[in-house]
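Worksheet for the structure shown next.
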Amino acid sequence: MLASQASASPFALVKMTTLGGSSSADVMVGDTVDYQITVELAPLTTVNTSSTPARTITNRVVGVDGIGSCRFNVQQSLSDAVQVSFLAAASLQNGYDAPTVSTGGTLVPRGNGFMDLDTVKAALMTGAAYKGVSAPVVLATGSFVVEEGAIGDSSTIHLSYKSPNQSPGSIRYNNATLVTASVSATDPYFGFTGLTLNVIPEPATLALLALGGVLAIRRRR
């Protein structure tokens, strides 16, 4: 089972994309795909109702505010039509590799012979300036192999809270107001967006389909 997904009004926006920043990718079975995971502080006026009274982002100060740490899983469901397998732990980037606390995750069997990535934790060292205020910052990069899928299939690789009872991370906003997020919040502070994969025909298959179309036209003539 996938862990609970974040819902509305998150303060930290965590996304899995291609290295080019796209939220979807056209793939073929056997492809090795390079990915990145980014994080960004949500825009001004974002409201979160996890606490009473609700919190609102009214200020974003570069060098003070942003995301200090983030913990998550990278997973698929056994029912997904497109199945991938991760090759290794993620490689942490941009200073989110604080010694003793950070990890690129652990490969965990999904139950069909393919591997998920469990408990990625990206954390800045104590005293480091939080990041992700003015633009998304890359937390981690890595690769996976597309193992299964038929032409036309589409599935999403999900990011999710590491649960149970482990905080997904820390956020600063409004000139250093600190939030330590909770997995039990009704309106979580971390929101996750996965990478969608679309299986397309191989070039040889496309060529055969095109040739078949030409022959069919000739027969009709």
Quiz item: Taking 0.36 nm per residue of separation and subtracting the Cα-Cα distance, what length does fully extending V61 through L44 add?
Solution: 5.0 nm
Quiz item: Counting DSSP beta bridges in the range 93-194, what percent are antiparallel, to the nearest 5?
Solution: 90
Quiz item: Can you give the accessible area per residue of the range 43-153, in Å², using a 1.4 Å probe?
Solution: 45
Quiz item: Put L197, L44 in order of accessible area, largest first, 1.4 Å probe: what do you get?
Solution: L44, L197
Quiz item: In whole Å, what are the Cα extents of the range 1-125 along the three principal axes, biggest one first?
Solution: 47, 32, 27
Exercise. Could you tell me which of rounded, prolate or oblate describes the range 67-139, using a ≥ b ≥ c as the square roots of the eigenvalues of the alpha-carbon gyration tensor, with rounded for a/c under 1.5 and, failing that, prolate when a/b is larger than b/c and oblate otherwise?
Key: prolate
Quiz item: In percent, how large is the relative contact order of the range 1-115, given Cα pairs closer than 8 Å and 6 or more residues apart?
Solution: 20
Exercise. Would you please state which residues of the range 49-81 a label at T196 would reach in this model, taking the label point 7 Å out along Cα→Cβ and a backbone N cut-off of under 15 Å?
Key: 81
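The values are calculated or read from the model by the stated rules, or taken from the named source; none is laboratory data. As the structure is a prediction and not an experimental result, all values here were calculated from the model. Positions of Cβ are generated from backbone atoms using ideal geometry, with glycine treated the same way; all protein chains shown enter the neighbour counts. The area values use the complete protein model at the heavy-atom level, side chains included, leaving out ligands, DNA and RNA. Shrake-Rupley method; radii C 1.70, N 1.55, O 1.52, S 1.80 Å.
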